[in-house]
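First comes the structure, then the notes that go with it.
The values are calculated or read from the model by the stated rules, or taken from the named source; none is laboratory data. Given the structure is predicted, the values throughout are model-derived calculations rather than measurements. So basically every Cβ, Gly included, is an ideal-geometry build from the backbone, and we count neighbours across all protein chains shown. Accessible surface areas use protein heavy atoms only, side chains included; no ligands, DNA or RNA. Shrake-Rupley method; radii C 1.70, N 1.55, O 1.52, S 1.80 Å.
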Amino acid sequence: MNNVLPWQSAQWSRLCRHVDKLAHAMLFVGQAGLGKTHFATCLAASLLCQEPKVDFQACGACKSCHLFSAGNHPDVLTVKPEAPNRAIKIDTIRQLVDFSMLSAAKKVIIIQSAENMNRAAANALLKLLEEPPAGVYIILISERPSRLLPTIRSRCQMITFPQSDHALAMRYLHENHVTDNAELLLTLTHHAPLAALALNESNALKQRQHIFQTWQAFMLQASSLTAASKQWHKFEPLDILPYLQSWLMDIIRLIISGNNAINNRDLAQVLERIAPVCHIQALFVCLDQLYQLAAILADNIALNKQLLIENLLLLSWSCLSERKN
């Protein structure tokens, strides 16, 4: 069985001190890439373990642990959106409720990306949280808990996962054979080691560079809307959105605090060229619209891809204080 990650020891110790009074509904909060799901899995294994260790880690040797390691423990259910950033619908929560009613001494339910529940799903879960069956532990995992119903949040014990300590994060990356760009990877992922590792193992840095080059040319008036849109059409809007949000936030940081505050250090020279021709109020308005758009896409609302990509570019263009007619 895997142990909790090095930067999660404080959260684990907190739970161990109150293991006899553990809440039946918990909410794990923190940005992506900090290992909240891994922590929830370790906790589920420990709750179901027949002989947990002194520090409440699962023994890894009992029948329950073997079932857990094989991925077919009958008393664990994990639910998540059908695809990244998509909604969790009421049918999924109904299956979860049915599972909670099955006979067993203990059952653990893990809900990943819990903020993606639509209204009907959230209301169905709320009824379960109000009267949970005996022995049922429900773990909600969320990057944006403010999107959860207040009544759901109030019924959960909240456990916060802050950014990882820099030294621990760097050691983790080095132990996983990440040496090139380790500092940049951590900066881009806000010191979330698992996200940094995943970024290193994917082609995301190349994708980011391609998207940025197109955006740079468009913002510096070296490329037309039609040309930029054509370049971006090979990507999904949900892939582009986080990059745009990050770059616009860095431009705001440049305007307010200067270069030392930005996350995209490798793109600093270009962002410094764009910042002086941006209007800060328009930047905030644009960011707000991008977050609203992300929420709409999370609900799996079908939108015309071409129009959506053009809209992303035009939103960026609206931030410029001086525009060509």
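Some points to look at:
- Largest accessible area first, the listed residues W232, W317 line up as W317, W232 when surface is computed with a 1.4 Å probe on the assembled protein chains.
- When only Cα pairs below 8 angstrom with a gap of at least 6 residues are kept, region 58-161 shows a relative contact order of 26 percent.
- Convex hull volume of region 1-157 per residue (C-alpha atoms, cubic angstrom): 112 Å³
- Helix 305-317 vs. the chain, principal-axis angle (Cα, 0 to 90°, nearest 10): 60 degrees
- Per the Debye formula on identical point scatterers at the alpha carbon atoms of region 163-214, with no solvent, log10 I(q)/I(0) at q = 0.15, 0.20 Å⁻¹ is -0.37, -0.62.
- Excluding exposed DSSP-loop GluC sites (Glu not before Pro) (at most 14 other C-beta within 10 Å), longest clean stretch of the chain: 83-321
- Highest-fluctuation residue, D239, D75, D180 considered, GNM on the chain with Cα pairs under 10 Å: D180
- Principal axis dimensions, region 121-230 - Cα atoms, whole angstrom, descending: 61, 41, 18
- Restricting attention to the chain, close to 5% of DSSP beta bridges with both partner residues there are antiparallel.
- Using C-alpha pairs under 8 Å with a sequence gap of at least 6, the mean separation divided by the residue count of the chain gives a relative contact order of 18 percent.
- Residue-averaged [θ]222 nm for the chain, counting only DSSP H segments that reach four residues, each worth -39500 (n - 2.57): -15500 deg cm²/dmol
- Stretch gain in nm, segment H210-D20, where the contour uses 0.36 nm per residue and the Cα spacing is subtracted: 63.2 nm
- The Kirkwood hydrodynamic radius of region 163-299, based on inverse pair distances between different Cα atoms, is 16.2 Å.
- For the chain, the spread of Cα positions along each principal axis, largest first, Å: 69, 43, 32
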